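Just below is one structure, and these are the notes that go with it.
The values are calculated or read from the model by the stated rules, or taken from the named source; none is laboratory data. This one's a predicted model, so the numbers in the text were calculated from it and none came from an experiment. Reconstructed Cβ throughout: ideal geometry from the backbone, glycine too, with neighbour counts over all protein chains shown. Ligands, DNA and RNA are excluded from the accessible area calculation, which covers all protein heavy atoms including side chains. Shrake-Rupley method; radii C 1.70, N 1.55, O 1.52, S 1.80 Å.
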Amino acid sequence: MLKKVFGSAVFGVEATTITVEVNTDKGVGYHLVGLPDNAIKESNFRIAAALQNNGYRIPGKKIIINMSPADLRKEGSAYDLTLAIGILASTGQISSENLDRYIIMGELSLDGTLQPIKGALPIAIKAKQEGFKGFILPSQNAKEAAIVDGLEVYSANNIMEVIQFFHNNIPLYQEIIDVKEEFEKNLNYPEHDFSDVKGQEGIKRCMEIAAAGGHNIILIGPPGAGKTMLAKRLPSILPPMTLHEALETTKIHSVVGRVQAHTGLMAQRPFRSPHHTISDVALVGGGAFPQPGEISLSHNGVLFLDELPEFKRGVLEVLRQPLEDREVTISRAKFTVTYPSSFMLVASMNPSPGGYFNDPNAPVTSSPAEMQRYLSKISGPLLDRIDIHIEVTPVPFEKLSEDRKGETSVEIRKRVTKAREIQTARFNDSDAVHYNAQMNTKQIRKYCVLDEDSKQLLKTAMERLNLSARAYDRILKVARTIADLEGVEDVNGSHISEAIQYRSLDRDGWLG
């Protein structure tokens, strides 16, 4: 008897519906075709044990299972439940009346308990698009799938609940959530707060500008100056995520199984901080079966690279294209996947191999040759994509010992959010540009018009400070953000003057 059940496969951040055809006939054997990986091939052992431990069995017949489309590679253990229900329906052990109305996914334990799957959200989105009535899946994934409006999401703890749903019409628990309410409930802010930072007022100002304009930033300073502490607090002053951004971010994290069961919807901006030993594939994404990398997991959030020169140069170079295009495309012989990667890059580094080049209280122990070798690990094209370079010096004891707390993240965030609203209105007619850091050359010329005094100031600074040509557009972008924070329409000399300070690595003597 031939029966069909439906599952789903995830490629990139999109899902494809998989039709599982189960045919039983006279004879003996179990044949699984349709390009399954080893995890799926092993499923017959898990299915046999789960059914036996719940009063059912795989009969001694010839069972042929085809996973269609047959030329598409399938992977993972999430098809266990799909195959098990198909076998039971094909052998007449359960009713098959409504099987074609549901997507069914779940990994089986030997006792029939359902384990969570990856990619529940994109699967649910695809199920709705293709007109399925509902989605049956493990209870741990129900909240993220229920985000999709117009699709009935049923959660199950074990295979018996699913069997009784189809065979005895015993209802499963239907997960229903109010997406806006869920979003607002999870919309809290990181525990790290700028009020904990002693001194460093100039650096905090710089971080505020970076957050307001979405600018990539690099912090240069000796060990213990507070670079990591400052970077970890950046998400606390970024504008709250919109519902659209939350859905985008949740979708990516769903693909790798990182959405927490009790939340369902990610409402906090991601903060990713990979170790400097990371490979280029782990950073950008890819592999034999492509998965999102750290830069995609940072989408709509912050990617923090601590001790930037310690990363392999080849790893850093693969950042260039995603920083420019804000997406990653991974091509294989039979398919191509694209992952979004619109993130703020925050990097930190010591100014020299010894770490104390710009520390006024410590001797310089590195030779010019060692300095050059150390700093040359960061290429010019990569620095081209970092708008703000700022030096961080150690906080004096007097500041550290003060009882007075600094300005809170909430207060800073209000100014940042207001500046972002100005930019949103400015770029309202553009689908690709949403804040100042994303401006192209044409938009820079349009929105960063300088008067003669400001032009002369910028020209003088570039000549006297030996600023590189690549600094020109970066200074204009940052100056535009400073003007937005002040709520003024035109960029003036004071904005240009402040923006010039934030190009440390372009000055003569840093990168030669």
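The helices (runs of 4 or more DSSP H) located wholly in the range 409-491 that include 3 or more residues which are without any contact (Cβ under 8 Å) to a residue 24 or more places away in the chain and over 30 Å from HIS192 (Cα atoms) occupy 441-447, 452-464. Filter the range 295-336 for residues that are of a type outside the set (S, T, N, Q), in a strand (DSSP E or B) and either open to solvent by 10 Å² or more (accessible area, probe 1.4 Å) or in contact with a His (Cβ under 6 Å, 6 or more places away or on another chain) (or both) and give the result. Of everything in the range 295-336, those that are of a type outside the set (S, T, N, Q), in a strand (DSSP E or B) and either open to solvent by 10 Å² or more (accessible area, probe 1.4 Å) or in contact with a His (Cβ under 6 Å, 6 or more places away or on another chain) (or both) turn out to be GLU327, ILE330.
When we screen GLU14, GLU42 for residues that are within 31 Å of the chain's Cα centre (by Cα) and open to solvent by 10 Å² or more (accessible area, probe 1.4 Å), the only hit is GLU14.
Yes or no: VAL148 within 27 Å of THR242 (Cβ to Cβ) and surrounded by 17 or more Cβ atoms within 10 Å (Cβ to Cβ)? Answer is yes for this residue. Taking every residue in the range 53-65 that is touching a residue at least 12 places away in the same chain (Cβ under 8 Å) and pairing it with any residue that is polar (S, T, N, Q) and in a strand (DSSP E or B), at least 6 positions away or on another chain, the pairs with Cβ-Cβ distances below 6 Å are LYS61/THR24; ILE63/THR24; ILE64/ASN23.
Scanning the range 27-41 for residues that are touching a residue at least 24 places away in the same chain (Cβ under 8 Å), under 30 Å from PRO290 (Cα atoms) and out of contact with any Gly (no Cβ under 6 Å at 6 or more places or on another chain) gives TYR30, HIS31, LEU32, VAL33, GLY34, LEU35, PRO36, ASP37, ILE40. Once the range 164-198 is narrowed to residues that are at pLDDT below 90 and hydroxyl-bearing (Ser, Thr, Tyr), the residue that is least open to solvent (accessible area, probe 1.4 Å) is SER195.
Assessment of the range 50-67 against the conditions (touching a Phe, Trp or Tyr at 6+ places or on another chain (Cβ under 6 Å) and either open to solvent by 10 Å² or more (accessible area, probe 1.4 Å) or within 27 Å of SER296 (Cβ to Cβ) (or both)) yields no matching residue. Just one of the listed residues (SER254, SER331, SER279) is out of contact with any strand residue (DSSP E or B) (no Cβ under 9 Å at 6 or more places or on another chain), more than 25 Å from HIS215 (Cβ to Cβ) and not charged (D, E, K, R), namely SER279. When GLU161 is tested against the conditions (1) open to solvent by 10 Å² or more (accessible area, probe 1.4 Å); (2) assigned to a helix (DSSP H, G or I); (3) touching a residue at least 24 places away in the same chain (Cβ under 8 Å); (4) in contact with a Leu (Cβ under 7 Å, 6 or more places away or on another chain), the lone failure is (3).
Annotation note: Cβ proximity below 6 Å between a residue of the range 210-234 that is farther than 15 Å from ILE412 by Cα and touching a residue at least 24 places away in the same chain (Cβ under 8 Å) and a residue that is open to solvent by 10 Å² or more (accessible area, probe 1.4 Å) and in a helix (DSSP H, G or I) (sequence gap 6+ or interchain) occurs for HIS215/ALA437; LEU219/LYS227; GLY221/LYS227. Beta carbons closer than 9 Å, at least 6 apart along the sequence or on distinct chains, pair a first residue in the range 9-21 that is at positive phi with a second that is in a strand (DSSP E or B) and open to solvent by less than 50 Å² (accessible area, probe 1.4 Å) for GLY12/PRO292; GLY12/ILE330; GLY12/VAL337; GLY12/TYR339. None of ALA282, ALA211, ALA231 is assigned to a helix (DSSP H, G or I) and modelled with pLDDT of 95 or more except ALA211.
Taking residues in the range 93-118 that are within 15 Å of SER8 (Cβ to Cβ), and partners anywhere that are among the small types (Gly, Ala, Ser) and open to solvent by 40 Å² or more (accessible area, probe 1.4 Å), the pairs with Cβ atoms closer than 6 Å and at least 6 places apart or on different chains are LYS118/GLY257.
Within the range 144-158, the set of residues being in a helix (DSSP H, G or I) and among the charged types (D, E, K, R) comprises GLU144 only. Taken over the range 118-143, the criterion of being open to solvent by 10 Å² or more (accessible area, probe 1.4 Å) and part of a loop (DSSP other than H, G, I, E, B) is satisfied by LYS118, GLU130, GLY131, PHE132, LYS133.
Of the conditions (1) closer than 17 Å to LEU345 by Cα; (2) assigned to a loop (DSSP other than H, G, I, E, B); (3) not acidic (Asp, Glu), THR263 fails just one. Which one is it? Result: THR263 passes all but (1). Within the range 71-93, the residues that satisfy the criterion of being open to solvent by 10 Å² or more (accessible area, probe 1.4 Å) and either closer than 15 Å to THR17 by Cα or in contact with an Asp or Glu (Cβ under 8 Å, 6 or more places away or on another chain) (or both) are ASP71, LEU72, ARG73, GLU75, GLY76, SER77, ALA78. The set of residues from the range 164-188 being under 17 Å from LEU265 (Cα atoms), part of a helix (DSSP H, G or I) and polar (S, T, N, Q) comprises just one member, ASN186.
When the range 241-260 is limited to residues that are among the hydrophobic types (A, V, I, L, M, F, W, C) and under 12 Å from the mean Cα position of the chain (by Cα), the one that is surrounded by the fewest Cβ atoms within 10 Å (Cβ to Cβ) turns out to be VAL256. Could you check the range 162-215 and list, in sequence order, the residues that are charged (D, E, K, R) and closer than 22 Å to LEU485 by Cβ? Answer for the range 162-215, where residues must be charged (D, E, K, R) and closer than 22 Å to LEU485 by Cβ: ASP193, GLU201, LYS204, ARG205, GLU208.
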